[in-house]
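Scroll down for the structure; my scribbles are underneath it.
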């Protein structure tokens with residue numbers, strides 16, 4: 001240990017630390033005794049439909065604007081094929097939720113294929129799996145229908161099927177077809193649906209709510225794209241917070257995310273104008289979120305609307321008796337999720353195909369109520385929702401949407417949590433390293449959103465800064481129960497917020513992984529259940545660390561927030577071998593994107609000498625030593 005008494009004066013301490021560090025590196029000794037319990041839920045995901053992360057992203061449906069939803073429908077992404085035209089038809093609704101359909105007018109002299117195409121969300125990712133398309137059709141027609149996936153510029157066909165179908169002008173009938181595909185080299189692919197022009201000549205046909213799915217994650221109906229879900233699975237996260245974020249709030253009470261309009265058959269979901277500039281189909285709805293959690297082994301964190309909309313045009317926050325119908329709506333939602341089949345909404349869930357209740361332990365009341373004028377009324381609103389939910393479901397953990405004490409009740413109800421968000425500069429995140437060290441332990445924290453901000457792509461400086469922040473809250477993971485980087489996903493063709501954890505295009509492989517993604521993966525997949533004491537010969541900075549254990553395994557997480565390499569010795573009594581994973585680049589602005597992958601983790605096996613590992617930590621680096 002360094003004897004700081006050999007030099008006097010505060011100014012001497014940094015000098016001595018620098019000299020010792022330069023001469024001997026940094027020595028850490030991890031205690032193998034005792035420690036504090038660490039949250040088993042610590043690392044997970046926050047999701048809302050931003051950057052087309054749902055529609056056009058992880059949600060498996062590949063057709064854009066599939067049902068012409070909403071009160072002002074348009075033909076975005078659709079075009080006519082052959083000697084025919086298409087138009088919006090409000091006189092032939094598919095359902096009350098889908099009031100408009102596509103009317104195909106076929107010329108009297110038509111021959112050959114006539115129909116419509118959809119360009120997807122800036123393309124369609126054809127990965128070589130079996131595809132399935134469904135649609136509703138109305139009109140007098142008896143003949144062949146052909147579905148093709150064809151190169152937008154090349155005309156190359158990547159999959160097709162032709163089948164006979166008979167429809168009438170009296171009612172919509174549904175058609176579904178499956179067909180094999182071959183992998184396309186990129187996302188420049190069109191969906192094409194055509195009928196025989198000579199049979200349909202001079203007539204019209206209406207098409208409603210068309211879908212296109214490839215293979216889905218775990219073959220789940222109406223499920224997730226495996227290209228993105230697999231990347232999330234690799235993180236081995238523990239929870240999923242949904243459906244937002246700002247997207248739950250809307251710009252008025254009427255525009256909020258409504259759970260009951262996201263359930264049941266797709267043709268019964270009207271969708272809504274989302275918060276992030278584009279229309280949400282709500283094909284990825286309440287049930288799909290719970291199946292997502294089930295299939296990836298994630299604990300659901302359900303956000304509910306609490307009387308506060310984003311925009312002042314929606315009015316001031318609702319309070320008092322005006323909240324009652326919205327509290328009742330949340331109780332109905334919880335009954336749909338948790339009620340048995342003897343209840344009204346539990347029976348409805350069963351009718352939709354899910355007999356058993358889902359598992360839910362956490363509910364968050366609102367989103368960021370400390371912002372935009374929500375603070376003053378939040379104590380009242382939080383307690384009103386808390387009391388009603390707690391009375392009906394006393395075992396649920398109820399989370400406040402802010403940690404700002406001025407926006408919270410004077411005394412938080414027993415068992416409730418608070419939500420802390422931090423979008424910050426790189427230096428700002430490093431400054432937050434010890435934020436949780438001395439907080440009152442009576443109210444647990446959920447870090448619902450955080451990341452380095454104000455750059456286009458996560459870069460090494462930002463990702464190392466995030467790692468420093470993560471080391472800080474992992475050291476305090478008796479208090480900090482969960483944390484999630486945000487936003488999670490980004491379609492590069494339509495982006496409302498940067499930076500984001502995982503980017504994607506509509507190429508068959510889809511995803512590219514940011515430096516921050518690798519940090520999340522490294523930290524989440526190397527978790528102990530007990531935080532261990534670490535004795536060091538120097539203070540934190542520029543190197544930061546935390547150690548944990550699970551049985552005989554030990555995990556030491558390190559971040560070097562600086563431009564100089566550092567020599568480390570890490571002593572863990574009784575260990576003999578380890579795996580060292582390092583993410584590093586000497587350029588702090590190095591980043592991965594859709595056009596380049598500059599930084600990926602490296603792994604090596606390291607051996608201990610009498611329980612001590614010695615290795616070099618590069619500049620601007622994040623590392624994990626897993627030892628046993």
key: C-alpha long axis of helix 226-235 to longest principal axis of the chain, angle in °   = 20 degrees
inquiry  = Considering just Cα atoms, how many Å³ per residue does the convex hull of region 78-213 enclose?
reply    = 99 Å³
request  = Determine the principal axes of the Cα atoms in region 289-336, then give the extent along each, sorted from largest to smallest and rounded to whole angstroms.
outcome  = 39, 23, 11
task = Pop a pseudo-label 7 angstrom from the Cα along the beta-carbon direction at both residue 600 and residue 351 and give the gap in nm to one decimal.
result = 5.1 nm
query = By counting other Cβ atoms within 10 Å of each Cβ, how are 466, 33 ranked from fewest to most?
reply = 33, 466
request  = Work out the FRET efficiency for residue 109 and residue 130 from their Cβ-Cβ distance, taking R0 = 30 Å, and round it to the nearest 0.05.
outcome  = 0.20
key: Stretchable slack from residue 425 to residue 564, in nm (0.36 nm times residue separation minus alpha-carbon distance)   = 48.0 nm
request  = Find the eigenvalues of the gyration tensor of the Cα atoms of region 317-446, then list the square roots of 5 times those eigenvalues as equivalent ellipsoid semi-axes, largest first, in whole angstrom.
outcome  = 31, 18, 14
key: Which of 570, 534, 430 has the fewest Cβ neighbours within 10 Å, and the rest in rising order   = 534, 430, 570
message = Report D for region 550-628 in µm² per second (integer): Stokes-Einstein, Kirkwood Rh on Cα pairs, 25 °C, 0.890 mPa s.
response = 183 µm²/s
note = With Cα coordinates, the longest principal axis of the chain makes an angle with the long axis of helix 286-296, in degrees rounded to 10, of 50 degrees
query = So for the pair residue 96, residue 233, with labels modelled 7 Å out along Cα→Cβ, what separation do we get in nm?
reply = 4.0 nm
message = Suppose the chain between residue 533 and residue 509 were pulled fully straight at 0.36 nm per residue; how much longer would it get relative to their current alpha carbon spacing?
response = 4.4 nm
ask   = Mind ordering 327-334, 602-609, 283-290, 112-119 by average Cβ neighbours within 10 Å, highest first?
value = 283-290, 112-119, 327-334, 602-609
Protection proxy ranking, peptides 129-140, 477-488, 81-92, average beta carbon neighbours within 10 Å, highest first = 477-488, 129-140, 81-92
key: Pairwise FRET efficiency - residue 395 versus residue 311, Cβ, R0 = 56 Å, nearest 0.05   = 0.95
remark   = So the compactness index of region 448-601, its C-alpha Rg divided by 2.2 N^0.38 Å, takes the value 1.10
ask   = Which FRET efficiency value, to the nearest 0.05, is calculated for residue 456 and residue 342 with the Förster distance at 56 angstrom and r the Cβ-Cβ distance?
value = 0.60
ask   = Given Cα pairs under 8 Å that are at least 6 residues apart, what percent is the relative contact order of the chain?
value = 16 percent
task = Could you tell me how many degrees, from 0 to 90 and to the nearest 10, lie between the Cα long axis of helix 515-524 and the main elongation axis, the longest principal axis, of the Cα atoms of the chain?
result = 70 degrees
inquiry  = Along its three principal axes, how long is the chain when you only count alpha carbons? Whole Å, largest extent first please.
reply    = 99, 59, 41
request  = Please say if region 264-352 is rounded, prolate or oblate, where rounded means a/c under 1.5 for a ≥ b ≥ c the square roots of the C-alpha gyration tensor eigenvalues, and otherwise the choice is prolate for a/b larger than b/c and oblate otherwise?
outcome  = oblate
task = Would you mind ranking 407, 375 so that the residue whose beta carbon has the fewest other beta carbons within 10 Å leads the list?
result = 375, 407
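Where a number appears in this text, it was derived from the coordinates with a stated rule and is not lab data. All of these numbers come straight from a predicted model, not from anything done at the bench. Cβ coordinates were reconstructed from backbone atoms using ideal geometry, including for glycine residues, and neighbour counts include every protein chain displayed.
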